[in-house]
Amino acid sequence: MAAGCTLVASRFDDFAAAFQAVAAEQLDAATLARRLRTDGALSAQWLRADIAEMLQSAVWGQGFPAPVFSQEVDIISQRPVGEGKHLALRLRCDGQEVGGIWFGRSQPLPARALLAFRLDADEWQGARRVSLMVQGMQE
């Protein structure tokens, strides 16, 4: 659901203060905590480009989100890309080596981590392969 409004620029501070007061009254810490729900682990047999393409071709939306999987993985290598704003990853997931990317993350990862990810299929030098689009990590 979306909504919009027009504000007089000189009254923006009043609006921001009122908005924060209502938010503080209505929202508790649990509501404000970032939570990422996942569909659990994904066996290595399903880490394939055709599965990623099938998931990408499905219709997902509000109340019916695309699957996000979570699994403990070994971080084989990591390097900053995109002017240091993202991490390109090589991961070992359930014994299978797979590439991955974490957009918007620049801090290095530990050698082993519980990651939440979506499957993606990419093409490099004519070969289609699966990669993991990391959505979050259990800290």
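The values are calculated or read from the model by the stated rules, or taken from the named source; none is laboratory data. As the structure is a computational prediction, the values presented were derived from the model and not from experiment. Cβ placement follows ideal geometry from the backbone for every residue including glycine, while neighbour counts extend to all protein chains displayed. Just the protein is used for accessible areas: all its heavy atoms, side chains included, with ligands, DNA and RNA removed. Shrake-Rupley method; radii C 1.70, N 1.55, O 1.52, S 1.80 Å.
Give the ranking of Arg118, Arg92 by solvent-accessible surface, highest area first, calculated with a 1.4 Å probe.
Accessible-area ranking of Arg118, Arg92, largest first: Arg92, Arg118.
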In nm, the gap between the two label points placed 7 Å beyond Cα toward Cβ at Ala23 and Val8 is 2.4 nm
Hey, of (1) 186; (2) 217; (3) 105, which did the structure itself give for volume of the Cα convex hull per residue in Å³ when calculated? (1)
Fraction of accessible area attributable to carbon and sulfur, region 1-112 (%, probe 1.4 Å): 56 percent
If I model a spin label at Arg34 and Arg90 as a point 7 Å from the Cα along the Cα→Cβ vector, what separation in nanometres do I get? 2.8 nm
Given the -39500 (n - 2.57) contribution per DSSP H run of 4+ residues, what per-residue ellipticity at 222 nm results for the chain, rounded to the nearest 500 deg cm²/dmol? -6000 deg cm²/dmol
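Per residue, how large is the accessible surface of the chain? Use a 1.4 angstrom probe and give square angstrom.
70 Å²
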For the chain, the longest principal axis of the Cα atoms and the Cα long axis of helix 12-26 enclose an angle in degrees, to the nearest 10, of 70 degrees
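Return the loop-located chymotrypsin sites (Phe, Trp or Tyr not before Pro) in region 1-78 (DSSP other than H, G, I, E, B) with at most 12 other Cβ atoms within 10 Å of their own Cβ; answer none if there are none.
Those that pass, being in a loop and sparsely packed, are Trp60.
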Percentage relative contact order, region 14-120, counting C-alpha pairs under 8 Å, at least six apart: 26 percent
